[in-house]
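The values are calculated or read from the model by the stated rules, or taken from the named source; none is laboratory data. Keep in mind that this is a model prediction, so the values were computed, not measured. Here the Cβ is made from the backbone with ideal geometry for all residues, glycine too, and neighbour counts use every protein chain on show.
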Amino acid sequence: MVRKLDYVGRITIPKEARNKLRWEDGDSIKLEIQDNGIFLKKQQKTCALCGINQVSFSLGENGICKNCYEALKEMEETIDS
């Protein structure tokens, strides 16, 4: 597959490729520059507290996993009592 850069440096990723990779409108795509080119990868949401990629509760672009949510609830209950 060959694509040309437009005047501001953008390329279009063909729909067939986006479908195969399960990339959807609004997904964040991570761009890594390597010696021989550029590597594109869908950025998975990760827990803002522990870093795992099983986000259960979204907070804007970030989120937290169920374990961290439960830990925060316990901390809040301890503080309130």
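Quick notes on this structure:
- Top-ranked residue in region 7-47 [being assigned to a loop (DSSP other than H, G, I, E, B) and of a type in the set (Phe, Trp, Tyr); ranked as modelled with the lowest pLDDT]: Trp23
- Summed over region 42-79, residues that are closer than 26 Å to Thr12 by Cα and either surrounded by 14 or more Cβ atoms within 10 Å (Cβ to Cβ) or touching a helix residue (DSSP H, G or I) at 6+ places or on another chain (Cβ under 9 Å) (or both) total 2.
- For region 48-81, a residue qualifies if it is more than 26 Å from Glu24 (Cα to Cα) and either modelled with pLDDT under 80 or of a type in the set (S, T, N, Q) (or both), and the qualifying residues are Asn67, Thr78, Asp80, Ser81.
- Qualifying positions in region 1-41 - surrounded by fewer than 10 Cβ atoms within 10 Å (Cβ to Cβ), among the acidic types (Asp, Glu) and under 30 Å from Glu70 (Cβ atoms): Glu24
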